[in-house]
1. Can you tell me which residues in the range 39-55 are over 23 Å from ALA342 (Cα atoms) and either of a type in the set (Val, Ile, Thr) or in contact with a helix residue (DSSP H, G or I) (Cβ under 9 Å, 6 or more places away or on another chain) (or both)?
2. Count, please, the residues in the range 413-440 that happen to be part of a loop (DSSP other than H, G, I, E, B), under 23 Å from ALA380 (Cβ atoms) and without any contact (Cβ under 8 Å) to a residue 40 or more places away in the chain.
3. Given the conditions (1) farther than 25 Å from LYS284 by Cβ; (2) surrounded by 18 or more Cβ atoms within 10 Å (Cβ to Cβ), report the number of the one that THR326 does not fulfil.
4. Among the listed residues ALA341, ALA349, which satisfies the condition of being more than 24 Å from ALA19 (Cβ to Cβ), part of a helix (DSSP H, G or I) and in the same structural domain as GLY481 (by TED's automatic domain parsing)?
5. Looking at THR553, THR594 in this structure, which one is in contact (Cβ under 8 Å) with a residue 12 or more places away in the chain, part of a loop (DSSP other than H, G, I, E, B) and among the β-branched types (Val, Ile, Thr)?
6. Taking only the range 156-167 into account, find how many residues are free of Cβ contacts under 8 Å to residues at least 60 places away in the same chain and touching a Leu at 6+ places or on another chain (Cβ under 6 Å).
7. For the range 112-151, how many residues are within 25 Å of ALA299 (Cα to Cα) and either assigned to a strand (DSSP E or B) or acidic (Asp, Glu) (or both)?
8. Checking PRO210 against (1) crowded, with 18+ Cβ neighbours inside 10 Å; (2) within 16 Å of THR131 (Cα to Cα); (3) not aromatic (Phe, Trp, Tyr), which single condition isn't satisfied?
Amino acid sequence: MGLPHSFSLPYFMAQTFYAGYGWYRKHFAVPASWSGKSVFLEFQAAFQQAQIYVNGKQVGQHIGGYNGFSIDITSAISVGDNVVAVRLNNNWNAQIPPISGDHTFQGGLYRDVFAVITDPLHVAWYGTWVTTPTLATNSGSSSTVEVKTEVQNSRSAAVNATLKTDIVDNTGKVVTTISSQQQIAAGATVTFDQTTPAVASPSLWHPDHPTMYRALSYLSDGQGNVDTFTTPFGFRWFSWSGSQGFSLNGSHYWIQGANVHQDHAGWGAGVTDSAHYRDVKMVKDAGLNFIRGSHYPKAPAFADACDQLGVLLWSENCFWGGLGGTWGSSGGYPSNSADQAAFDTNILASLTDMIRIHRNHPSIIAWSMGNEDFFAGPAANVIALLKKEVALTHQLDPAPTGRPAAIGGAQSAIGGTQPGPLGDLAGYNGDGTGYDNPGIPNMVSEYGSNTNVIRPGSYDPGWGNLTVTNNMPAQPAWRSGASKWCMFDYGSQMGTTYIHTGIVDYFRIPKRSYYWYRNTYAKIAPPTWPTSGTPAGLKLTSSTTTLSAVDGTQDAWLLVTVVDSAGNPVSNNVKVTLTVTSGPGEFPTGPSITFTPSGGGLASDIAILDGQAAIEFRTYYSGTSVITASASGLTSSSVTITSQGSPAFVQGQTPPADSRPYSGP
């Protein structure tokens, strides 16, 4: 099975999903050149209890489904054939957050996994921390760069290590540099704390011009360079105020955004890096400037896309107050006292990893402790845990450059205590959007939960409870912004009431409300809506015709449209099948997928609506793939996608993708 992967593949918004155990195995060759090196397996996430074995020996384990981790496998491998096995389970566990939520909790290796080979003297996993401490005090005219770099020495002897750090702009020019030495004992890890000379007139990161820089770390043992590590970052500063709202780079800036869940049609939680990029780009293309990462830490590729495209990101821990469901309990905090200490430990561990992994992203402007924890109970425990999270956030990302500790969904009291003031920043959801000035930095973290909106929907914003003036959200000086619930339809264990709340459907086709936002904020007129006509053919298009890797990081989004004899889109729905007619590749259902008219409603199925259907295509072999869209009595349409990398697809030898028929919700 190629990664990323969900246990529930193929998944199409069903209320239920597989919960249990699953094994992954992969043989890999270790060359002689790896001898004397340190070898790690780096997982970007594994849901949610993982045991990792190499050649039959357990080399590590991990608890928690939303953050990455690194496992040292050096002592377990040998030159020649090796096998890694990962045992996972996504069973509900009262000690592992979240224990409830309105989304799904699909097991699997649903994010990227890499083998990383380094010298035993190397920069540690996510071991750099880059800040610009004097940028705000100099009003952006110049700033030093502080780089804290953890260096691990796994050699058998001490090393006098030299770390040279270059700060490189977006043209590749070195704008400042610094070098320092430290003695590192065998088996020890030390932190190099370097502050560069000031960079004059840095190009500031901003949604309108998201300029990125890089810190290039060159580690030497006195005999030569042994490790190079790259850390993207940006020059920017911001502030949250309880009276003046949000400011970015010294200027007031209104936040207008949307909440985003991570799962995609068919593939479920197993989403490629390029699909994350397209999601962020759809937000940006709508003229929005902010994403709330509801309600768990997002993939590194998602945060990378926010940096590159210029979208502010609220990064949220997985402490969800919750609503119960088929997987979980009726609250978000364990009711059994025997589970509570471990739950608290795992919440704080998740927060620690989220901040370590994502701390260098300029797009991130808040660390959220969770969502709607007033549902969680028992109140005293929840309040105490939120306070611990806030204190830990201040320790891990301190002022003046650190992000605030936010309380997401803070509108209702927990045991008589208003949760918002427990942190630095409050986010108000739903019925909390009409609150008067709370006297603390704040924003609307969710508004307009419009349920059961089936594409195409209506051309309106769906403001919900949000206070609106002249069909635009009210912007009192003390409010920092507002974030729509939500951007994309998503799978939910709570059933159909929750899943169709996006302004874009599960297959990533916009509803008409998306075009309202794009017209209002990006000033792009909406398209002409298709009307009923006489179907004559199909038009198949792809988001790309070239995939530069076949490692599961990239895919192509395919859109099929029913057209009349003149090639104009029509809203008629006909049964359409996409088939990989030659070459490598697959859909969530295997080498073909069929879209069926839904008859005016939509359950958890594979539907064609308003004359359009879409799905993501991926391949784990290089070659030329031809995909054809066909329907009875209509002219077919094809696209050709060229994929690069290895292994190569060999006609007649490479096995085709397995058929994975969808059996319904």
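1. Looking only at the range 39-55, we keep the residues that are over 23 Å from ALA342 (Cα atoms), and these are 39-42, 53-55.
Scanning the range 39-55 gives VAL39, PHE40, TYR53, VAL54, ASN55.
2. Filtering the range 413-440 for residues part of a loop (DSSP other than H, G, I, E, B) gives 413, 415-416, 418-419, 423-424, 433-440.
Narrowing the set further to residues that are under 23 Å from ALA380 (Cβ atoms) leaves 413, 415-416, 418-419, 423-424, 438, 440.
So of that shortlist, the ones also without any contact (Cβ under 8 Å) to a residue 40 or more places away in the chain come out as 413, 415-416, 418.
Summing the residues that are part of a loop (DSSP other than H, G, I, E, B), under 23 Å from ALA380 (Cβ atoms) and without any contact (Cβ under 8 Å) to a residue 40 or more places away in the chain in the range 413-440 gives 4.
3. (2)
4. On the way: ALA349 fails: more than 24 Å from ALA19 (Cβ to Cβ).
Checking each option against the conditions leaves just ALA341.
5. Values: THR594 fails: part of a loop (DSSP other than H, G, I, E, B).
None of the others qualify; the one that does is THR553.
6. Residues of the range 156-167 that are free of Cβ contacts under 8 Å to residues at least 60 places away in the same chain, as a first pass: 156-158, 163-167.
Remaining after also requiring touching a Leu at 6+ places or on another chain (Cβ under 6 Å): 163, 166.
The number of residues fulfilling the criteria is 2.
7. Narrowing the range 112-151 to residues within 25 Å of ALA299 (Cα to Cα): 112-118, 122-132, 147-151.
Of the ones still in play, those that are also either assigned to a strand (DSSP E or B) or acidic (Asp, Glu) (or both) are 112-118, 122-131, 147-151.
Residues meeting the conditions: 22.
8. (2)
The values are calculated or read from the model by the stated rules, or taken from the named source; none is laboratory data. None of the values given here were measured: they were computed from a predicted structure. No Cβ is skipped: glycine too gets one built from the backbone with ideal geometry, and neighbour counts run over all protein chains shown.
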